[in-house]
Amino acid sequence: MNARALSILHTEASLGWGGQEIRILNESVGIQARGHAITIAAPAEARITAEARARGLTVIDTPIGRKNLCGLLAMRALLHAARFDVVNTHSSTDTWLAALSLALDRKGPALVRTRHISAPVSTGMATRWLYRNASARIATTGETLRDELIAKLGIDRARVLSVPTGMDTDRFRPGDRTAARRALSLPADMMLVGIVATLRSWKGHRHLIEAVAQRVQETGVPTGLAIVGDGPQREALAAQAAALALPAFWMPGNQADVVPWLHAFDIFALPSYANEGVPQALVQAMLCALPCITTSVGAIGEAAIDGQTALVVEPQAVVQIAAAIGRLAHDAALRERLGLAARAHCVAHFDARVMLDRMEGLFQAAAGER
């Protein structure tokens, strides 16, 4: 893209770790490689702070974890200490702190708000001001989220752009299942269902555990379940799996490289029931040509088309999840057809280069209107 180099500040108030934080870092590395200056501002104790430094990004420890005077003063000082062209905010707290800090500053950077998840948005006057007046541009991680914001808040469509998280389609590709299982010490011949996701309640892990247990109980066919990731639900999920006496169960925690696990699965499931854009793990599984079971929550439907690129079930529907597992387990041709179609769809729509092109264009447009 032939455009001037920008100085871009990303702010993140969250202390958590998941798809949102990973998106920020991967996008930042990609945009920086295109010649732009990237700075990450987050609380010192946030995991994204350490991860950003490990990726070679410039980081400023900033106490912006709360919507209070301390956070506002810290944000205001940050925005006045350097001349950024754009500040891209990601969570509610840092968005409000940045918007209020810039409200009376005509020389400040342009505010770009990225909305990552499908949580309900308020329609009050303050929220309308935030999205319609304070934000120069808005990015969403799916077209469904974009349409919702426009409809609820009356935002000019031209100022809101859907930019799903893009993936490295060469890294996430089909692999050797036998070799992957050997490397991970997994049984060679057992049907294995897997999920890769932060262990949060709305990802639906507990429904998946119950569905696998139901299938084993009803059919007597051993079915393995691997839950890759970590988070606040870890102990509860481990206890649930133990109580249901799953015959084969793995919880390896967070993995620096999830590709071997994806290659080891027969079926990927992500039965989320809230707070989703287009989930990165689902796209990664699809790019690995895995047959997937998921829901239509948030913008998931932009990747998962029922019967074409995935099997789509109702949220929190254990019986439907179990039935979908059984259907895929007994139909190798269906598994292959869905997997190949899923990869083709995601290569066409969720390539990392497309994400970077769209975000770079968004930043240029916002900076041009300062």
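The values are calculated or read from the model by the stated rules, or taken from the named source; none is laboratory data. Since we're looking at a predicted model, the values are computed, not measured. Every residue, glycine as well, gets a Cβ built from its backbone with ideal geometry; the counts of neighbours run over all protein chains shown.
Structure data summary
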read-out	value
Number of positions in region 1-21 that are polar (S, T, N, Q), assigned to a loop (DSSP other than H, G, I, E, B) and farther than 15 Å from T95 by Cα	1
Count of residues meeting criterion [touching a Ser or Thr at 6+ places or on another chain (Cβ under 9 Å) and either charged (D, E, K, R) or closer than 30 Å to D266 by Cβ (or both)] in region 148-188	6
Checking T93 against (1) out of contact with any Leu (no Cβ under 7 Å at 6 or more places or on another chain); (2) surrounded by 19 or more Cβ atoms within 10 Å (Cβ to Cβ); (3) more than 26 Å from V163 (Cα to Cα), the condition it does not meet	(3)
Positions within region 169-187 being of a type in the set (S, T, N, Q) and without any contact (Cβ under 8 Å) to a residue 40 or more places away in the chain, in sequence order	T178, S185
Residues located in region 239-284, provided they are in contact with a Phe, Trp or Tyr (Cβ under 6 Å, 6 or more places away or on another chain) and either farther than 24 Å from P164 by Cα or outside the structural domain of G220 (by TED's automatic domain parsing) (or both)	A241
Strands (runs of 3 or more DSSP E) completely within region 234-316 that count 3 or more residues being surrounded by 19 or more Cβ atoms within 10 Å (Cβ to Cβ) and out of contact with any Gly (no Cβ under 6 Å at 6 or more places or on another chain)	267-270, 292-294
Count - residues of region 119-159 that are within 21 Å of the chain's Cα centre (by Cα), more than 19 Å from D94 (Cβ to Cβ) and either in a helix (DSSP H, G or I) or among the β-branched types (V, I, T) (or both)	5
Options R335, R343, R327: the member that is in a helix (DSSP H, G or I), among the basic types (K, R), free of Cβ contacts under 8 Å to residues at least 24 places away in the same chain and in the same structural domain as R181 (by TED's automatic domain parsing)	R327
Residue in region 180-199 that is charged (D, E, K, R), outside any loop (DSSP other than H, G, I, E, B), within 17 Å of A289 (Cβ to Cβ) and in the same structural domain as I293 (by TED's automatic domain parsing) present	yes
Candidate set: region 46-63, residues that are of a type in the set (A, V, I, L, M, F, W, C) and touching a residue at least 24 places away in the same chain (Cβ under 8 Å); chosen: the one nearest to S7 (Cα to Cα)	L57
Single residue of I31, I24 found to be surrounded by 17 or more Cβ atoms within 10 Å (Cβ to Cβ), within 19 Å of T198 (Cβ to Cβ), under 22 Å from the mean Cα position of the chain (by Cα) and of a type in the set (V, I, T)	I24
